[in-house]
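The values are calculated or read from the model by the stated rules, or taken from the named source; none is laboratory data. Fair warning: this is a prediction, and the values are worked out from it, not measured in the lab. All Cβ positions, even for glycine, are placed from backbone atoms using ideal geometry, and neighbour counts span all protein chains on display. What goes into the accessible areas is simple: the full protein's heavy atoms, side chains included, and nothing from ligands, DNA or RNA. Shrake-Rupley method; radii C 1.70, N 1.55, O 1.52, S 1.80 Å.
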Amino acid sequence: MAANNRRMSGKKGAQVGSGGQRRRGLEGKGPTPPAEARKGHKKNRIAGAKAKQAVRRPAPRGRGGKGTSEMVVGRNPVVEALREGVPAVTLYVQQFIDNDERVREALQLVAERGGIHLMEAPRPELDRMTNGLNHQGLVLQVPPYEYAHPEDLAAAAYDEGADPLIVALDGVTDPRNLGAVVRSVSAFGGHGVVVPERRAAGMTAGAWKTSAGAAARTPVARASNLTRALEAYKKAGLVVVGLAADGETEVGDLEALGGPVVIVVGSEGKGLSRLVGETCDFRVRIPMPGGAESLNAGVAAGVVLYEASRRRA
């Protein structure tokens, strides 16, 4: 009877078998999350509604058109994208997520950058948004990229009193190669990159990351037909130079690189397509004493851009 009285006592204090629950309950739970991440808060509901509208709203088309909204999924990819300054609309965080270093860093980066909505969502909703990908509780929505029009690149150069230096990509499908080309164009004073609208890499989060921030200051234009865009450049006074392993001229011997020029880089495997190759004024090759058969698009573009920059100095 005495034992029963002890169990039913109203006295406070740890009881046998509590497992330290009271001690854990007193431990700190970290900083209070922002209002946008607290379920039931007014700002959380507003952020959620705006995020859903952004995902469902069709992208309007400008002169160069827009890409499509993209989702970066997984803790490491999300953190890397935020570190590299990839544009973002909303960071979705799974409810009751395990709070590790990557989650904390993602939340900190969002707070530091500002302008990114923070939305808490249940796991089934994140599964639906990502089509079942392993999102690990973090999903970053990247807005559609706003492409320039090919004519804008040459016009901007002429407005600056400079000869246009543009790179066009023919059949390059790896976004990382596109990002590397954008970075090289920025480094050597180029005026932009042109990509085809179909069957080609676009400005995805992967391209943004590889560009190492250069995509924020180097425009990328999208052409509905690359051959016609190159012909328009020729009419505007630009020389079209295509890179080809069997080119008639070595890149170091082409004086045209010192003037208004469009450098066309094909895919690593197939090179330039037939119509694009026939449109080029010159086909040049990069001498490779080491015996390599080809270079990837980013490296090849960098070599020719350096030669063009050297001639303009």
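If I go through segment 75-103 residue by residue, how many of them are part of a helix (DSSP H, G or I), touching a residue at least 12 places away in the same chain (Cβ under 8 Å) and exposed (fewer than 13 other Cβ atoms within 10 Å of the Cβ)?
Residues flagged as part of a helix (DSSP H, G or I), touching a residue at least 12 places away in the same chain (Cβ under 8 Å) and exposed (fewer than 13 other Cβ atoms within 10 Å of the Cβ) within segment 75-103 amount to 2.
Filter segment 157-195 down to the residues that are in contact with a Lys or Arg (Cβ under 7 Å, 6 or more places away or on another chain) and among the small types (Gly, Ala, Ser), then identify the one that is nearest to residue 237 (Cα to Cα).
Looking at residues that are in contact with a Lys or Arg (Cβ under 7 Å, 6 or more places away or on another chain) and among the small types (Gly, Ala, Ser), I get 186.
Residue 72: part of a strand (DSSP E or B) and either within 30 Å of residue 300 (Cα to Cα) or touching a residue at least 24 places away in the same chain (Cβ under 8 Å) (or both), yes or no?
Details: part of a strand (DSSP E or B): yes; either within 30 Å of residue 300 (Cα to Cα) or touching a residue at least 24 places away in the same chain (Cβ under 8 Å) (or both): yes.
So residue 72 passes the test.
Could you please let me know if residue 142 is modelled with pLDDT of 95 or more and open to solvent by less than 10 Å² (accessible area, probe 1.4 Å)? Reasoning before the result, please.
Numbers: modelled with pLDDT of 95 or more: no; open to solvent by less than 10 Å² (accessible area, probe 1.4 Å): yes.
For residue 142, the condition - modelled with pLDDT of 95 or more and open to solvent by less than 10 Å² (accessible area, probe 1.4 Å) - is not met.
Of these, 193, 181, which one is modelled with pLDDT of 95 or more, assigned to a helix (DSSP H, G or I) and closer than 22 Å to residue 244 by Cβ? Quick ask: steps written out before the conclusion?
Details: 193 fails: assigned to a helix (DSSP H, G or I).
Selected residue: 181, the only one of 193, 181 that is modelled with pLDDT of 95 or more, assigned to a helix (DSSP H, G or I) and closer than 22 Å to residue 244 by Cβ.
So which residues in segment 194-209 are buried (at least 17 other Cβ atoms within 10 Å of the Cβ) and among the charged types (D, E, K, R)?
As a first pass, look at segment 194-209 and keep what is buried (at least 17 other Cβ atoms within 10 Å of the Cβ): 194-196, 200-209.
The one that is buried (at least 17 other Cβ atoms within 10 Å of the Cβ) and among the charged types (D, E, K, R): 209.
Quick one: count up the residues across segment 182-193 that are under 16 Å from the mean Cα position of the chain (by Cα) and open to solvent by 60 Å² or more (accessible area, probe 1.4 Å).
Selection size over segment 182-193: 1.
Cβ contacts < 6 Å: first residue in contact (Cβ under 8 Å) with a residue 40 or more places away in the chain and under 17 Å from residue 267 (Cβ atoms), restricted to segment 296-313; second residue open to solvent by 60 Å² or more (accessible area, probe 1.4 Å) and small (Gly, Ala, Ser), any location; separation 6+ or different chain. Result?
Filtered contacts from segment 296-313: no entries.
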